[in-house]
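The values are calculated or read from the model by the stated rules, or taken from the named source; none is laboratory data. What you see is a predicted model; the values in this text were computed from it and never measured. Cβ placement follows ideal geometry from the backbone for every residue including glycine, while neighbour counts extend to all protein chains displayed.
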Amino acid sequence: MVFAREATSKDRLKIDWRHPVPPARDAERTASAVALPLAEALQVLWENDERPLLVLRECHYCQDSDQALLSRSLNNDRTLLLTKWFRVVRLPMHVTEPSHPFYNVFAGYAFKSSNGQTPHFYLLAHPAAQPVEFTGEQMQSSLWKGMAAVLGERYGRDPNKAVKEWLLLLNEFDRFDALLRSTQAELDETRAKNGPKSDKAKELEKRLAELKTQRGEALAREDRVRDLRLLSMPKPAAPVVGAAQAVGAANGAK
């Protein structure tokens with residue numbers, strides 16, 4: 001059986017990709033062709049957003065898609081929701097070229113991947129942290145573990161508990177969306193057939209109002225679930241690498 005999500009859930013299950021623009025030269029106001037130092041490049045990627053980073057570089061196979069993050073055969077809802085607590089940055093394929101302004105975003109790290117290749121994406125709790133890297137062929141469980149470890153460094157509440165609650169709320173949103181749609185359709189038909197002041201129309205109007213109230217209550221619960229209480233960014237003088245030590249490269253094949 002194929003389970004189709006409704007509109008509210010679909011809206012949550014989208015990755016909020018950011019496409020950072022390299023800083024412009026003061027004179028020509030054109031993008032710099034010189035690679036920025038790692039610290040400066042990360043500052044551009046982060047902007048004023050203090051959430052942990054997820055940084056992905058595109059390749060020939062995943063251009064304009066999310067397949068490096070997602071499973072090709074399993075449900076990805078959990079992964080997609082976990083990305084909401086990250087600042088999710090997407091860089092082009094040629095970021096691996098030394099002349100690219102964001103070259104050091106990948107080249108500036110001594111990654112621990114066993115195959116010695118540049119990772120497809122990585123997670124970074126804060127600028128002084130060790131990145132948690134992934135090849136793009138990782139198992140879902142490895143990715144979830146890495147994401148939870150990094151989120152655990154930067155948020156005051158448990159992301160694993162929160163994402164489970166959020167997944168249950170998505171099911172509620174699906175139910176409300178379907179009921180609201182069918183009830184509104186029945187109300188429109190009843191008004192056309194029996195008139196807007198008929199007893200059945202009034203009953204359906206009441207039911208519709210109740211559903212909207214219940215959906216509003218579910219949305220308020222969602223706001224509480226999404227608030228993991230972001231902690232202040234650690235100072236550069238006190239590096240913390242706990243997440244990387246906890247999960248290592250975590251790059252098993254799917």
*asked:* Looking only at residues that are acidic (Asp, Glu) and surrounded by fewer than 13 Cβ atoms within 10 Å (Cβ to Cβ) in the stretch 52-110, which one is nearest to ARG229 (Cα to Cα)?
replied: ASP64
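Conditions (1) within 28 Å of LYS235 (Cα to Cα); (2) surrounded by 15 or more Cβ atoms within 10 Å (Cβ to Cβ), marked per residue:
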residue	(1), (2)
HIS126	yes, yes
VAL132	yes, yes
GLU137	no, no
SER141	no, no
LEU169	no, yes
*Of everything in the stretch 174-194 that's of a type in the set (A, V, I, L, M, F, W, C) and in contact (Cβ under 8 Å) with a residue 40 or more places away in the chain, which residue is nearest to GLU222 (Cα to Cα)?*
PHE176
*Residue by residue through the stretch 192-211, note down the ones that are surrounded by 13 or more Cβ atoms within 10 Å (Cβ to Cβ) and within 24 Å of ARG175 (Cα to Cα).*
LYS200, ALA201, LYS202, LEU204, GLU205, ARG207, LEU208, LEU211
*What residue, of ARG229, ARG224, ARG181, ARG154, is modelled with pLDDT of 95 or more, loosely packed, with under 13 Cβ neighbours inside 10 Å and touching a strand residue (DSSP E or B) at 6+ places or on another chain (Cβ under 7 Å)?*
ARG229
